[in-house]
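Trainee: Let me give you the structure first, and then I'll get to my questions.
The values are calculated or read from the model by the stated rules, or taken from the named source; none is laboratory data. Being a predicted model, the structure only gives us computed values, none of them experimental. Cβ placement follows ideal geometry from the backbone for every residue including glycine, while neighbour counts extend to all protein chains displayed. We work out accessible area using only protein heavy atoms, side chains counted, and drop any ligands, DNA or RNA first. Shrake-Rupley method; radii C 1.70, N 1.55, O 1.52, S 1.80 Å.
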Amino acid sequence: MRPFAYERAEDPAEAAALVAERPDAAFLAGGTNLVDLMKLGVAGPGTLVDVRRLGYDRVEHRDDGGVLIGATVKNSELAGDPGIRRRFPALSRAILAGASGQLRSAATTAGNLLQRTRCVYFQDVTKPCNKREPGSGCPAIGGSHRDLAVLGTSDHCVATYPGDMAVALAALDALVHVRGLDGEARALPLEDLYVLPGDTPHRETVLERGDLITGVELPAAPAGAAMHYRKVRDRWSYAFALVSVAAVLRTAGDGTIDEVRLALGGVAPRPWRARTAESELIGKLPTPENVQAAMGAELAGARPLPDNAFKLDLATDLVGAVLRDLTEPEEDR
Amino acid sequence: MSTTTQRATGAPIVRVDGRAKVTGAAQYAYEYPLENMAYAWPVQSTIAKGRVESIDDSAALARPGVIAVLTPDNVARLQVDVELPLPFLAAAVPDLSLLQSREVAFRGQIVAAVIATSLEAAREGAGAVEVGYEEQAHDAVLRFDDDRAYVPGVVNDFSPGNVERGEADRAFAEAPVRIDATYSTPAEHAVPMEPHSATAAWDGDRLTIYNSDQGPFYSSLPISALFGLDPGQVEIVAEYVGGGFGSKAAPRPPTMLAALAARLVDRPVKVALNRPQSFSLTTYRTPTIQRLRLGAERDGRLAAIVHESVQQSSTLVEYTEQSVSSTRLLYAAPDVRTTARVRRLDVPTPGWLRAPGDAPGVYALESAVDELAVELGMDPIELRVRNEPDADPETGQPFSSRNLVGALREGAARFGWEGRDPAPASRREGNWLVGTGVAAAHYPALVFPSTAQARAEADGGFVVRVGAADIGTGARTVLTQVAADALDVPLERVRVDIGRASIGVAPFAGGSIGTASWSWAVEKACGALLDAVQEHGGVPPEGLEVQADTTEDVGALAEMSRGGYGAQFAEVRVDVDTGQIRVDRMLGVFATGRVLNPRTARSQIVGAMTMGLSMALMEIAEPDPEFGDFANHDLASYHVASNADVRDVDCVFLHEDDKNLNSIGGKGIGEIGIVGAAAAIANAVHHAIGLRVRDLPIRIEDVRPALQDLRVR
Ligand SMILES: Cc1cc2nc3c(=O)[nH]c(=O)nc-3n(C[C@H](O)[C@H](O)[C@H](O)COP(=O)(O)OP(=O)(O)OC[C@H]3O[C@@H](n4cnc5c(N)ncnc54)[C@H](O)[C@@H]3O)c2cc1C
Ligand code: SF4
């Protein structure tokens, strides 16, 4: 283990300055991912700049139905927030479907967004990995890839974004608030935070050095819409998603779809907003056939590998089940 | 002996060491604070086969806190060609012969180690050691038809690799109803809560190791022999052990690393593996590929069984599991051939893991029996009952007792088996497909010689000493109960000391032999002590102490077929949309002789059944052919059942009075709870969806092909 320095920043400017002056510094939040990677030798920051005291620790509900979630709000707090549970139940469910009680009590909003892939090669420094060591190769393609991605991959990397919360946020049209090194604030759609691997899999987000995530903003959920998050995994708790779906659905009186938003987890290097499927479904009934057709279009560009090809049909079936359940009264579920 | 008014054995006594454990007072191997402690961290091979050409330790030695780097050049020379009395101890030697050669036999093997004043410095130093290799092509993949696999002379349970009665292949070919199916089980790891760890300290030529160990006395034998010492010069202390499941039943590399490192730097050294290291430096359950052929008459009577299994071992050690052994005696078929083959690969050495051999072997056998029941259109319980033998079908020996039929019947009644529609995919509850399954369980009941000492104090207290290990099973508690009854005194007057090699000859906590073997010696010592007290006319001021040894008693046991039997039941549901599998309930009924403590016995069985659930649906150490190791090697990616997966797991013990076993009349219950559990679940999955998945674990993608046609509501 390498020695490293620990600094606790008291305000954003100080945090940014600390990171700016030390090129190998990293922000530390709950540490549940970063510290693990340090132990494994995957990450080796010279300085950890603790951002948990910067005042981004509140969930602010707005009168228009939107909400601003602070970057350092604990996952457990966010999941249990009464306003979130009422207005954005899919977000609450997504968080509770992830990790364990202990981890959620330490993990934060921003840290959760930026958690790294669970690809076994990425985590094993004795083996090659393009993401960890650009140019060294991607053993997952010919090796262990059952958990990895089928969409948005490249010949250089097939890693999955493993998280749950961000999948729900993607379906909720979240904006990520970022404070630049120069103090400038900007906001970008959550989907645009992540970049696909292409031939630079070590670049995972659009964030620049010193960019601090300050919070996540959700616009009001569409009036009259129902929402759900469902995760399929290898055991009933404490496992990353094989496939997950966050769905927001509003139907007309005749049952046809007025508005639908779908985001998939466990299948791509980022939370995957299924916009093609969404637009195919508008005006239609959420029947298995229609879902099949819509998801067929969505997954047309998929690049499955031998051991994860099952995720394609699974994603389709899961979307079908979630939409079906959302159109049935709660007590029938 | 006077008659006891209140017997401790048979009562659900709470653990005598429970309080010490939950308050942290119990000391584990890594927790002994010795003066001047140093820490060792292994450097592991990054190739699967070849030779270490060079080791550059200069950068590591330059790091603050680093004391030394242990390499093949400065390591103490060990007597690697030692002879050991017990074959399974001899089998531990090659992996314990650390750094004695420069050959690399598997990826992750220890090729050097850094010793430092702190764990962190040792770890950091290990990362700075540069190792140069001459790499050779490796093969780390097990295949059924690999012609380099061979039939070993004996397998792990001392039985031959190949046993045949009658002409099984011919009888199978002629049988009117036939099942021919191939099953596989993956490599599985024990990963006990307490990782493998050791604290070693030398005092001249005396070595003390505080070791996470299932058998301190046995462990002292290979370690002393390797160092060229007498067994008495090596003390192994294992007072508390946080689980082992077989992986700590013989000393493993971390133990030897601590001893060698301490020798080099002449100060105490601690070693504890982290999880990733545990996957290559401790033993694991071998993967198996098993072909089962069952031939039967139309009325269900088995005419032939051919059970062939191929397993892997390392190039260092021939370890072959007894995966076909239970098949030799579970059913009364006239023509039976059972063959275990082993393929030596460039992989870490596999070893014992709860019910070695029997857990994967009975999974395959009991799946095939279920397939036969379906083929015959016969109830799977009735099929088993129809093939119940009167005597051991392999040896002809009488059973000391056997109540498989009773377990099946009792389980059927309690589980609600009657009225089950045998048609697959016949039960639908909303989005769920529900199925039930049953399987038989068997585990042999063995007993090994042991010694014990019993001491009477003048104040009325008693101290009993036996070289046992309590790996979480409750052995310390049960032995206290046994001693109290044998001495005819209340529990509070008895203290049982265990967990030291120096106490004397005693077998390990493994193979479900521990309690029976230790208890016999304890009872014998206590009986002799009471006689001595009577002879003396009371306890003298300096106390009285006696010894007992059961070697002759064990040797005098009549030849009989001894084993525990059980029936496992499971109900599962499969989500018709996704293929997610949930185990609603499991029930195990066991006929395992006398139950000494229903509380700890239940926890053994329920724990083992839960392990069977994990085996059926989750556990897999994925081989990584390119690198030769396991791709997943932590508990985030190696799944075992979480609380949410374990809903209703229950067990029942049938009353069984067997006078032909051992002094306590118990058959051992450490392993049998996992045997058959995975088969019951797999059979239930088949019943739920109509698709037979023959490769464990059964995962979502395996069951999904059946769902499409079942989805209509
Ligand atoms: C065994 C295990 C199981 C898990 N299972 C799941 C699961 O099923 N689903 C799931 O979604 N997650 C799961 N997780 C992951 C867990 O959710 C994440 O570890 C956690 O959310 C990370 O949050 P943190 O605050 O601890 O981040 P940290 O570890 O502190 O940081 C993570 C990254 O974010 C950066 N960072 C943190 N804050 C900021 C900021 N404000 N601005 C810019 N950068 C920042 C850090 O520099 C670091 O790179 C699991 C984790 C473990 C260990
Ligand atoms: S998939 Fe990506 S993270 Fe995994 S080994 Fe390949 S490059 Fe590395």
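Trainee: Mind checking which pairs have a first residue in the stretch A:138-149 that is facing another protein chain (nearest Cβ under 7 Å) and a second that is at pLDDT below 95 and open to solvent by less than 20 Å² (accessible area, probe 1.4 Å), Cβ under 6 Å, 6 or more apart or different chains?
Mentor: none
So that you can scan it fast, the table gives a plain yes or no per residue for (1) buried (at least 17 other Cβ atoms within 10 Å of the Cβ); (2) part of a helix (DSSP H, G or I):
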| site | (1), (2) |
| --- | --- |
| B:V405 | no, yes |
| B:L408 | yes, yes |
| B:G419 | no, no |
| B:V438 | yes, no |
| B:A454 | yes, no |
| B:D470 | yes, no |
| B:T473 | yes, no |
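Trainee: Follow-up. Filter the stretch B:236-252 down to the residues that are open to solvent by less than 10 Å² (accessible area, probe 1.4 Å) and either part of a helix (DSSP H, G or I) or not small (G, A, S) (or both), then identify the one that is farthest from B:Q312 (Cα to Cα).
Mentor: B:V237
Trainee: Applying the selection to the stretch A:103-147, what residues are within 9 Å of ligand 2 (Cβ to nearest atom), open to solvent by less than 20 Å² (accessible area, probe 1.4 Å) and farther than 27 Å from B:Q109 by Cα?
Mentor: Result: A:T117, single match.
Trainee: If you don't mind, another one. Among the residues of the stretch B:432-478, count how many are in contact with a Phe, Trp or Tyr (Cβ under 8 Å, 6 or more places away or on another chain) and without any contact (Cβ under 8 Å) to a residue 12 or more places away in the chain.
Mentor: Residues in the stretch B:432-478 being in contact with a Phe, Trp or Tyr (Cβ under 8 Å, 6 or more places away or on another chain) and without any contact (Cβ under 8 Å) to a residue 12 or more places away in the chain: 0 in total.
Trainee: Could you pull out the residue among A:A297, A:A246, A:A321 that is out of contact with any Pro (no Cβ under 9 Å at 6 or more places or on another chain) and closer than 29 Å to A:R203 by Cα?
Mentor: Values: A:A246 fails: out of contact with any Pro (no Cβ under 9 Å at 6 or more places or on another chain); A:A321 fails: closer than 29 Å to A:R203 by Cα.
Testing whether each residue is out of contact with any Pro (no Cβ under 9 Å at 6 or more places or on another chain) and closer than 29 Å to A:R203 by Cα leaves just A:A297.
Trainee: Answer yes or no as to whether B:E53 is acidic (D, E) and closer than 30 Å to A:Y121 by Cβ.
Mentor: So B:E53 fits the description; yes.
Trainee: Separate question: So which of B:K659, B:K667 ends up being under 30 Å from B:A469 (Cα atoms), surrounded by fewer than 24 Cβ atoms within 10 Å (Cβ to Cβ) and more than 14 Å from chain A (Cβ to nearest Cβ)? First the steps, then the outcome.
Mentor: Working: B:K667 fails: surrounded by fewer than 24 Cβ atoms within 10 Å (Cβ to Cβ).
Just one listed residue meets the conditions, B:K659.
Trainee: When you look at B:L89, is it at pLDDT 95 or above and either open to solvent by less than 30 Å² (accessible area, probe 1.4 Å) or hydrophobic (A, V, I, L, M, F, W, C) (or both), yes or no?
Mentor: no
Trainee: Please give the number of the condition B:P276 fails out of (1) assigned to a loop (DSSP other than H, G, I, E, B); (2) open to solvent by 20 Å² or more (accessible area, probe 1.4 Å); (3) not acidic (D, E).
Mentor: Condition (1) is where B:P276 drops out.
Trainee: Next up: From the residues in the stretch A:58-102 that are open to solvent by 60 Å² or more (accessible area, probe 1.4 Å) and within 11 Å of ligand 1 (Cβ to nearest atom), which one is farthest from the chain's Cα centre (by Cα)?
Mentor: Of everything passing the filter in the stretch A:58-102, A:Q102 is farthest from the chain's Cα centre (by Cα).
Trainee: Shifting gears a bit: Kindly indicate which of A:P189, A:P134, A:P162 is more than 14 Å from every other protein chain (Cβ to nearest Cβ) and either free of Cβ contacts under 8 Å to residues at least 60 places away in the same chain or within 15 Å of ligand 1 (Cβ to nearest atom) (or both).
Mentor: After ruling out the rest, the residue left standing is A:P189.
Trainee: Here's a follow-up. Name the residue, out of B:S603, B:S614, that is at the interface with chain A (Cβ under 9 Å from one of its Cβ atoms) and either in a helix (DSSP H, G or I) or in contact with an Asp or Glu (Cβ under 8 Å, 6 or more places away or on another chain) (or both).
Mentor: B:S614
Trainee: To continue, here is another question. List, please: which pairs have Cβ atoms under 6 Å, are six or more places apart or on different chains, and start with a residue in the stretch A:201-216 that is under 19 Å from A:L48 (Cβ atoms) and among the acidic types (D, E) and end with one that is near ligand 1 (Cβ under 10 Å from one of its atoms) and not in a loop (DSSP other than H, G, I, E, B)?
Mentor: Correct list of pairs: A:D211/A:V178.
Trainee: Could I ask something else about it? Among the listed residues B:P398, B:P393, B:P422, which satisfies the condition of being in contact with an Asp or Glu (Cβ under 7 Å, 6 or more places away or on another chain) and not hydroxyl-bearing (S, T, Y)?
Mentor: Exactly one of B:P398, B:P393, B:P422 is in contact with an Asp or Glu (Cβ under 7 Å, 6 or more places away or on another chain) and not hydroxyl-bearing (S, T, Y), namely B:P422.
Trainee: Scan the stretch A:113-131 for residues that are farther than 17 Å from A:A149 by Cα, within 14 Å of ligand 1 (Cβ to nearest atom) and at the interface with chain B (Cβ under 10 Å from one of its Cβ atoms) and report the count.
Mentor: 0
Trainee: When you scan the stretch B:480-599 for strands (runs of 3 or more DSSP E) that lie fully inside it, which ones turn up with 3 or more residues that are buried (at least 24 other Cβ atoms within 10 Å of the Cβ)? Talk me through it step by step, then tell me what you get.
Mentor: Values: elements: B:494-497, B:544-549, B:563-575, B:581-591.
Result: B:563-575, B:581-591.
Trainee: Considering only residues that are of a type in the set (F, W, Y) and within 9 Å of ligand 2 (Cβ to nearest atom), which ones fall in the stretch A:148-164?
Mentor: If the condition is that a residue be of a type in the set (F, W, Y) and within 9 Å of ligand 2 (Cβ to nearest atom), then no residue fits.
Trainee: Among the residues of the stretch B:381-397, is any surrounded by fewer than 23 Cβ atoms within 10 Å (Cβ to Cβ), within 26 Å of B:R594 (Cα to Cα) and without any contact (Cβ under 8 Å) to a residue 12 or more places away in the chain?
Mentor: Within the stretch B:381-397, one or more residues are surrounded by fewer than 23 Cβ atoms within 10 Å (Cβ to Cβ), within 26 Å of B:R594 (Cα to Cα) and without any contact (Cβ under 8 Å) to a residue 12 or more places away in the chain.
Trainee: Kindly indicate which of B:V434, B:V463 is modelled with pLDDT of 95 or more and not assigned by TED's automatic domain parsing to the domain that holds B:N597. First the steps, then the outcome.
Mentor: Details: B:V434 fails: not assigned by TED's automatic domain parsing to the domain that holds B:N597.
None of the other options fit; the residue is B:V463.
Trainee: Here's a check for you: in the stretch B:133-152, which residue that is within 14 Å of chain A (Cβ to nearest Cβ) and in a strand (DSSP E or B) is most open to solvent (accessible area, probe 1.4 Å)?
Mentor: So, considering only residues that are within 14 Å of chain A (Cβ to nearest Cβ) and in a strand (DSSP E or B), the one most open to solvent (accessible area, probe 1.4 Å) is B:E135.
Trainee: Considering every residue within the stretch B:550-560, establish whether at least one is in contact with a helix residue (DSSP H, G or I) (Cβ under 6 Å, 6 or more places away or on another chain) and at pLDDT 95 or above.
Mentor: First, pick out the residues of the stretch B:550-560 that are in contact with a helix residue (DSSP H, G or I) (Cβ under 6 Å, 6 or more places away or on another chain): B:550.
Going one step further and asking which of them are at pLDDT 95 or above, we end up with B:550.
Yes, there is a match, as at least one residue in the stretch B:550-560 is in contact with a helix residue (DSSP H, G or I) (Cβ under 6 Å, 6 or more places away or on another chain) and at pLDDT 95 or above.
Residue-wise test of (1) within 14 Å of chain A (Cβ to nearest Cβ); (2) surrounded by fewer than 17 Cβ atoms within 10 Å (Cβ to Cβ); (3) at pLDDT 95 or above.
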residue	(1), (2), (3)
B:V52	no, no, yes
B:D56	no, yes, yes
B:G65	yes, no, yes
B:L78	no, no, yes
B:D81	no, yes, no
B:L84	no, yes, no
B:S101	no, yes, yes
B:S118	yes, yes, yes
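Trainee: Residues in the stretch B:203-233 that are within 16 Å of B:P268 (Cβ to Cβ) and either open to solvent by 50 Å² or more (accessible area, probe 1.4 Å) or without any contact (Cβ under 8 Å) to a residue 12 or more places away in the chain (or both): how many?
Mentor: Counting residues in the stretch B:203-233 that are within 16 Å of B:P268 (Cβ to Cβ) and either open to solvent by 50 Å² or more (accessible area, probe 1.4 Å) or without any contact (Cβ under 8 Å) to a residue 12 or more places away in the chain (or both) gives 4.
Trainee: Would you confirm, using the coordinates I've provided, whether A:L212 is farther than 30 Å from A:A25 by Cβ and more than 14 Å from chain B (Cβ to nearest Cβ)?
Mentor: Taking the combined requirement at face value, the residue does not satisfy it.
Trainee: From the set of residues in the stretch B:167-200 that are assigned to a loop (DSSP other than H, G, I, E, B) and within 27 Å of the chain's Cα centre (by Cα), which is nearest to B:T339 (Cα to Cα)?
Mentor: Residue satisfying both the conditions and the ranking: B:P186.
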